[in-house]
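Visitor: Can you read through this structure? Questions will come right after.
Since every read-out is calculated from the coordinates, none of them should be taken as a lab result. For clarity, every value in this text was computed on a predicted model and none was experimentally measured. With ideal geometry, Cβ positions are generated from the backbone for all residues, glycine too; neighbour counts draw on all protein chains shown.
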Amino acid sequence: MNKDKAMENEIKKEKQSKYFDLILALFVAVLLISNIASTKITSFWNFTLDAGTILFPLSYIFGDILTEVYGYRKSRRVIWIGFFCALLMSVIFMIVQYLPVAEGWENQAAYESILGFIPRIVIASLIAYLAGEFSNSIILSKLKIKMKGKMLWIRTISSTLVGQGVDTLIFCLIAFLGVFPTDMLIAIILSNYIFKCGVEILFTPITYNIVYFLKKEEGIDQYDYKTSYNPFALG
């Protein structure tokens, strides 16, 4: 009887999650688009950063929304889906890069400069993504329990400061250490970190509204009391 009731509750919960797939799709789209946009280095307002940084902070905002509303278990699933989508994209770009060039097609150099497979950059991006996203999600989930669901702005900003710091530091060190002079590398790290965290802070009112809307519409406000925080856990 208890088993049947548990299954009934699980089915009900799945039916209520009518916006989860939409957030999942947007999260993955932001991740992939920002990775491609990162091939361009831009500079404005005294910030020097890759163009993907303009969009990438949104993935952390979606991560905050997923963890706050649906819980760490579902957020973990989304993070891994994003990882394998990014990995698949990199593999496909690599295969296409090394396919024979058709006679008359003169854009191979342009393709390689924008979408070409650079192992060091790809590895840096994937490792940094996992470390940063999981740091962000775990901290937000634990703070929600400790703070009893109050002061969302403190929890989202705190988790982002750590997550973005881990992401930016790992990516820049793996991708650029020894490539750029130390002073330039430090400038890139600081510019990226400050910009990403600034976007998160500016978007806090929007995050509040989306979280409130989803909790009301979905009827879900997950607390991870008995959830394993192991990033590799399947259950």
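Visitor: Short version: ³J(HN,Hα) in whole Hz for each residue of the stretch 179-195, in order, from phi by Karplus 6.51 cos²θ - 1.76 cosθ + 1.60 (θ = phi - 60°), x for Gly and Pro, what are they?
Guide: Values, residue by residue: 8, 10, x, 4, 5, 5, 4, 4, 5, 5, 4, 5, 4, 4, 5, 5, 5 Hz.
Visitor: Another question, if that's okay. Can you tell me the FRET efficiency between A110 and A51 if r is taken as the Cβ-Cβ distance and R0 is 22 Å, rounded to the nearest 0.05? Don't skip to the end; give the middle numbers.
Guide: Values: r = 17 Å, r/R0 = 0.76.
Here the calculated transfer efficiency is 0.85.
Visitor: Using the Cα centre as the reference, give the magnitude of the dipole from point charges on the C-beta atoms of the stretch 76-235 (Lys, Arg: +1; Asp, Glu: -1; all else neutral), rounded to the nearest 20 debye. Each step should come with its number before you reach the end.
Guide: Working: 13 positive and 11 negative charges, 222 e Å.
Dipole magnitude for the stretch 76-235 comes out near 1060 debye.
Visitor: Taking H as built 1.01 Å from N, whose amide H comes closer than 5 Å to the amide H of S38, not counting residues under 5 places away?
Guide: Hits under the 5 Å cutoff: G52.
Visitor: Please arrange I138, I123 by counting, for each residue, the other beta carbons lying within 10 Å of its beta carbon, fewest first.
Guide: On the way: I138 22, I123 14.
Going from sparsest to densest Cβ surroundings: I123, I138.
Visitor: Using the Karplus equation 6.51 cos²θ - 1.76 cosθ + 1.60 (θ = phi - 60°), what ³J(HN,Hα) coupling, rounded to whole Hz, does each residue of the stretch 123-135 give in order, writing x for Gly and Pro?
Guide: Karplus-based 3J(HN,Hα) across the stretch 123-135 equals 4, 4, 5, 5, 5, 4, 4, 4, 4, x, 5, 5, 4 Hz.
Visitor: What whole-number value in cubic angstrom gives the convex hull volume per residue for the C-alpha atoms of the stretch 143-205?
Guide: Numbers: hull volume 4.5 nm³, N = 63.
Cα convex hull per residue, to the nearest whole number: 72 Å³.
Visitor: Moving to a separate point now. Nearest 10 degrees is fine. How inclined is helix 204-218 to the longest principal axis of the chain, computing both from alpha carbons?
Guide: Its long axis makes an angle of about 50 degrees.
Visitor: Same structure again: Find how many whole Å separate the alpha carbon centroid of the stretch 204-219 from the alpha carbon centroid of the stretch 119-160.
Guide: Centre-to-centre (Cα) distance: 18 Å.
Visitor: Hey, which of these cross-link pairs are over 21 Å Cα-Cα: K74/K144; K74/K196; K146/K215; K18/K142; K146/K226? All intermediate terms of the calculation are to be shown ahead of the outcome.
Guide: Working: K74/K144 16 Å; K74/K196 24 Å; K146/K215 19 Å; K18/K142 25 Å; K146/K226 14 Å.
Correct reply: K74/K196; K18/K142.
Visitor: Could you put K148, K196, K18, K215 in order, starting from the residue whose Cβ has the fewest other Cβ atoms within 10 Å? Show your work: numbers first, answer last.
Guide: Details: K148 8, K196 24, K18 11, K215 16.
Neighbour counts put them in this order, fewest first: K148, K18, K215, K196.
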